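Heads up: the structure comes next, in structure tokens.
Bear in mind these aren't lab numbers, they're just calculated from the coordinates by the rules spelled out. Since the model is a prediction, treat every value here as computed from it, not as a measurement. Cβ coordinates were reconstructed from backbone atoms using ideal geometry, including for glycine residues, and neighbour counts include every protein chain displayed.
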Amino acid sequence: MPILSQQSKIQQTNEESVMRRKIVVGNWKMNGSLASNEALLKALVEKIPQKISTDIVICAPYPYLFQTQSYLKNSSIRWGAQNVAKFESGAFTGEVSVSMLKEFGASYVIIGHSERSTAYCESDENIATKLMMVKQADMTPILCVGESLIEREAGIMEKVVSKQLDTIVEMYGEDIFDETIIAYEPVWAIGSDMAASPEQAQTMHQFIREKLSPNAKVGKSLKIIYGGSVNPQNALQLFSMPDVDGGLVGRASLNASDFQSICHSAEI
Ligand code: 13P
């Protein structure tokens, strides 16, 4: 692409990204205790101002959702779950339904995290069903997509992410992505201290946006956040990319100062 039209494209995407409010989500994974959560939640409420131009979300383990809800209720921080059942109710031992989460006041649900799809063999079809159920319950799904290291080295990362999205489009149509958050989480970057470079993240985010943008309702307003070793040192550069609308943060969300610093980077 000629340099001038490339520059105007970046400028155009920059203008569009200004219109999208950034979002930073803390995924606590299977960490915490009543005592450590209390300290962390209190510190977050103290550090994160009531008036903030970024959406901040904490996704805690199920047993601590009630505790999370009660500490965050008068704050600007929203909360959500890390998974949900694909069935509405019934004999599904160990599962938690969308209506249970909704009844408690959850606003967000992470869907299809690679730690679940790998360890529990979750299929793209299952993920699509969960996505639809979360939307029907008027909560916001945070859909994780991303490639493995082997897939990146083979240069097929866009094909892999495309397929993950295609399964959902085939089952429910592109409109399902309206008001959905997509988290690009390259598997190789999760828990590895090897975050994607800002350029790698931007390239994939732009690819995802362009893939879904023929649907005018979805394309420009779609929030695409990056996850995988986000920390206070790399957050600002990542979030400065025109198609990176915030982050999905694992380890660094367990430390109030680090998480606050990451949230602050989304404000700049
Ligand atoms: P880390 O930030 O610990 O790499 O985890 C990323 C992640 O999986 C968030 O969902």
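Going through the cross-link list Lys42/Lys211; Lys163/Lys223; Lys51/Lys163; Lys47/Lys86; Lys73/Lys130, which pairs have a Cα-Cα distance over 31 Å in this structure? Don't jump to the answer; show the numbers that get you there.
Numbers: Lys42/Lys211 41 Å; Lys163/Lys223 19 Å; Lys51/Lys163 39 Å; Lys47/Lys86 36 Å; Lys73/Lys130 26 Å.
Over 31 Å Cα-Cα: Lys42/Lys211; Lys51/Lys163; Lys47/Lys86.
Scale the Cα Rg of the chain by the rule-of-thumb value 2.2 N^0.38 Å and send over the ratio, two decimals.
Cα Rg divided by the expected 2.2 N^0.38 Å: 0.96.
Report the label-to-label distance for Ser107 and Thr167 in nanometres (one decimal), using points 7 Å from each Cα along the Cα→Cβ vector.
Placing both labels 7 Å along Cα→Cβ, they lie 2.9 nm apart.
Could you put Ile127, Ile156, Ile150, Ile48 in order, starting from the residue whose Cβ has the fewest other Cβ atoms within 10 Å?
Details: Ile127 24, Ile156 15, Ile150 10, Ile48 20.
Fewest-to-most ranking of Ile127, Ile156, Ile150, Ile48: Ile150, Ile156, Ile48, Ile127.
On the principal axes of its Cα set, how long, how wide and how thick is the range 113-152? Give whole Å, largest value first.
Rounded to whole Å, the extents work out to 36, 17, 14 Å.
Test of understanding: ordering Thr68, Thr93 by Cβ neighbours within 10 Å, fewest first, what list do you get? Don't skip to the end; give the middle numbers.
Numbers: Thr68 24, Thr93 4.
Exposure proxy ranking, most exposed first: Thr93, Thr68.
Tell me which residues come under 5 Å, amide H to amide H, from Ile225 once H is placed; ignore anything under 5 positions away on its chain.
Ile182, Ala183, Tyr184, Asp245
Could you put Tyr226, Tyr62, Tyr108 in order, starting from the residue whose Cβ has the fewest other Cβ atoms within 10 Å? Intermediate results must be reported in sequence, preceding the final value.
Numbers: Tyr226 32, Tyr62 14, Tyr108 23.
The most exposed by this proxy come first: Tyr62, Tyr108, Tyr226.
Over what distance in Å are the Cα centres of the range 202-268 and the range 82-151 separated?
Each part's Cα centre sits 20 Å from the other's.
Among Asn234, Gly112, Val134, whose Cα sits farthest toward the positive end of the charge dipole of the chain (+1 at Cβ of Lys/Arg, -1 at Cβ of Asp/Glu, about the Cα centre)?
Asn234
Per DSSP H run of n ≥ 4, the term is -39500 (n - 2.57); total these for the chain, divide by its residue number, and report the mean residue ellipticity at 222 nm rounded to 500 deg cm²/dmol.
Values: 11 runs with 118 residues, N = 268.
Theoretical 222 nm ellipticity from helices: -13000 deg cm²/dmol.
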